[in-house]
Amino acid sequence: MAEEQACLVHARSDSDSPKSFGSIARTMAYTEDRLTGTDGTGEPGAVSMTVNPPEPMDNESGELIDYSDTSALDQFHEDALRQAGCGIAQLKVYLACSLALAGATLELSAVPFVLPSCEIELCILPHEKNWLVLISLVGGSLGGVGWGALGARLGRRRALVSALAVNAVFAAVAAFMPTYGTFMMARFCSAIGSGGLVPTCYSYCYEVSPRPHRRRLLSMLVIAHGVGALLAAALAHAVLPPTGADALLDDKEHFSAWHRYLLLCTLPILASLVSLIWTQESPRYLLDVGREVDAMLVYQSIHSSNRAGWCASGSAEYRPGAPQLPPKRPQALHHVRHTVKMFWQAFFQLFSSAYRNTTFSLGGVMLFSMAIQFFLASHIPSAVLSIENQKFEASKVIIENATYENRHFNETLENVEYRNVTFSKCTFRDMMLSHAAFRNCSFYDVAFSNIKTSYAYFTGSLFVNTTIIDTDITVGREIDLWSELRNTVVRGMRLACLREAPLTWRLAGALREQAHAALATILAGLFAAIFAPTLALSGKFSPKVILCAICVFLSPSIYVVQSETALYVVEAIYRVFLTLVFYIACVGIVDSYPANLRCCALGLIMSVAYMGGAVVRGLWDMPPPAAAILSAILAVAATAAAVRAR
């Protein structure tokens, strides 16, 4: 009974007439006096904080007011935003949220760029590389559901600030981690913070935007994702070594280039934290938790900032209408047990009869569309790498039955194989051996010094009066057990890491892929801004259904195309349609749920989508026919969910 009274307010009266807001006007009059200073204690426009609020008024209808029905609050909120206008106040919020989303996208997009360098320094084995992305998706999944619930209870802005703080702190900590385990843990904690940015940012921006401009303004957040991906490529081009060989040379005991790159990736997050200083809490959230005076102050602040509006102008004088706002609601937090109970109730309410179809249909659209995107983001680079490896193997130089005498080698030997070759009084100094094989070769009076190797092998070779000093060539690894050493000195550096450095890696390929994907995302955001009313249409052939169906017909192209550029173009085309589906789904989620559920709903759905992305990323090494079939199945599932969501 006590919990019911926390959500319901008794309003006693002698009449049993239907629900009326006759007494609400007196409370609103008090609120307006607080805002305008016309209660006789101050000048107009001054806010007086010394007057105690009036006691709760009795409702004339004599019945319980159920505040789970938020239609009155929604109507008041829309009217207040319409009067306050659209301008600088909204721009501040959208700037902060755009920087936050750009930073989250930048952090996830940075993994392919730092991997070649960090796997050398941290000795990441081949089967561990994919975990760098998977751990970010798992952390993002936990962060989405956690901060989605916090955004509904603590407020959009407060939840956003806390998520950004966690993301920024652990992203910076990850740049200093010396081992693979500590680096993964820091990345995981950072991803928990970044996972909460999508639900809080979209809910926050939705609630500060006037309805006529809401969908177009939300497309700015989509563009922010593309800008973040493009910024990741730009920073990589400016900071990171361009080849695997340069990454090996850049390998230092402390603070290689990839450490500086990760630190620079935190700048948008820090900028977002700073920009939130000039923003205020969502007024819709304040109304929902019973903080009417604070909400009125926010509306008045928006109106004051928007007198020179840039997308719409509010009324010349802001006066909220009296008969629209219920006089009292429960506060956001009572005690810990009540808060935890409200968390569970919010999740269960998403699957109640009123919202079950929306949750499953829009959740299915988000899950399967993002699964396609995450799968292609891993499969396309893998397919390109397979094509490049085939070309690399076909270009191998084979030298047989030759003799080198008094020859000085000081340039990189790459993709070469020596068979039955004799080296006499030669020197190998200050160089790299990459994909170099010496089979049944003989070395007489040869000196190896200051050499780094990657996939370099000496098989069945003979070493006579040879010195191997200050290299990473070791017996049993580069020199096999069938080789014979006579009067030969091996003083190599026995490395703890048993993996081979990826010296054939080129930054240019990753930059091209990222640029294609980023530009496609920005293009989709611009398209959403221009055609926002069209994308909002519903029906059997709604835009989201058509977009998902197009992805079904695109799936054979994954099998057909066989060149690097064509694969990047296919991924970019997919990205345009999938980004539009993501935008429609996000707007549909925040628009379909009431204020007390929208942040929690988006967080839960994003959490499931991240987990789906983690699952399909584990299937990245698939042949093209299987990849095309998997993409088609996911697209069909997304189309079916979109049809159900019409």
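The values are calculated or read from the model by the stated rules, or taken from the named source; none is laboratory data. What you are looking at is a predicted structure, and each value in this text was computed from that prediction instead of being measured. Note that we place each Cβ from the backbone using ideal geometry, even for glycine, and neighbour counts take in every protein chain shown. Surface accessibility is based on the protein's heavy atoms, side chains included, excluding ligands, DNA and RNA. Shrake-Rupley method; radii C 1.70, N 1.55, O 1.52, S 1.80 Å.
A few notes on this one:
- Kirkwood hydrodynamic radius over Cα pairs of region 89-134, then Stokes diffusion coefficient at 37 °C and 0.692 mPa s, in µm²/s: 263
- Using a probe of 1.4 angstrom and keeping all protein chains present, the accessible surface of region 361-426 works out to 48 square angstrom per residue.
- At q = 0.16, 0.18 Å⁻¹ the log10 of I(q)/I(0) for region 355-433 amounts to -0.79, -0.88, computed by Debye summation with a single uniform scatterer per C-alpha, solvent ignored.
- The Cα center of region 153-225 and the Cα center of region 552-580 differ in position by 29 Å.
- Peptides 414-423, 79-88 ordered by average Cβ neighbours within 10 Å, highest first: 79-88, 414-423
- Cα gyration tensor shape of region 179-232, rounded if a/c is under 1.5, else prolate or oblate by comparing a/b with b/c: oblate
- Counting only protein heavy atoms and a 1.4 Å probe, region 177-238 has 30 square angstrom of accessible area per residue.
- A cut-off under 14 angstrom between Cβ atoms defines the neighbours of Ser395, and their net charge, with Lys, Arg +1 and Asp, Glu -1, is -2.
- Kirkwood-based Rg to Rh ratio, region 556-643, C-alpha trace: 1.05
- For the cross-link pairs Lys92/Lys540; Lys391/Lys452; Lys129/Lys544, the ones whose C-alpha atoms lie over 29 Å apart are Lys92/Lys540; Lys129/Lys544.
- Sorted on the mean count of surrounding Cβ atoms within 10 Å across their residues, most packed first, peptides 91-104, 164-177 read 91-104, 164-177.
- Think of each Lys and Arg Cβ as +1 and each Asp and Glu Cβ as -1; about the Cα centre, that makes the dipole of region 346-488 roughly 420 debye.
- Efficiency of FRET from Cβ geometry, Arg307 and Val397, R₀ 51 Å, rounded to 0.05: 0.10
- Normalised per residue, the volume of the convex hull around the Cα set of region 82-204 (Å³): 98
- Dipole of region 430-545 [Lys/Arg +1, Asp/Glu -1 at C-beta], most positive-end residue of Gly460, Ala524, Phe448: Ala524
- Equivalent-ellipsoid semi-axes for region 108-149 (Cα gyration tensor, √(5λ), whole Å, largest first): 26, 10, 7.
- Taking 7 Å steps out from each Cα toward its Cβ at Thr182 and Ile530 produces label points 5.1 nm apart.
- A simple packing score, the average count of other Cβ atoms within 10 Å per residue, orders the peptides 546-557, 379-390, 480-491, 632-643 as 632-643, 546-557, 379-390, 480-491, with the highest score first.
- Averaging 1/r over every pair of different alpha carbons in region 140-222 and inverting the result gives a Kirkwood radius of 13.5 Å.
- The Cα-based radius of gyration of region 397-504, divided by its Kirkwood radius, gives an Rg/Rh of 0.92.
- Sites Ile573 and Arg512 - FRET efficiency at Förster radius 22 Å, r taken between beta-carbons, to 0.05: 0.90
- 19 Å tail of the calculated P(r), region 488-646, as % of Cα pairs: 66
- Counting only Cα atoms, region 445-485 measures 24, 24, 11 Å along its principal axes, largest extent leading.
- Across all directions, the average flat footprint of the convex hull enclosing the Cα atoms of region 242-303 is 7.4 nm².
- For region 80-172: accessible area per residue (Å², 1.4 Å): 29
- Cut-off 15 Å between beta-carbons: net charge of the residues surrounding Lys425, Lys and Arg +1, Asp and Glu -1: 0
- Split the accessible area of region 138-218 by element, probe 1.4 Å, and carbon with sulfur accounts for 76%.
- Size of electric dipole in region 93-208: Cβ of Lys, Arg +1 and of Asp, Glu -1, about Cα centre, debye, nearest 20: 420
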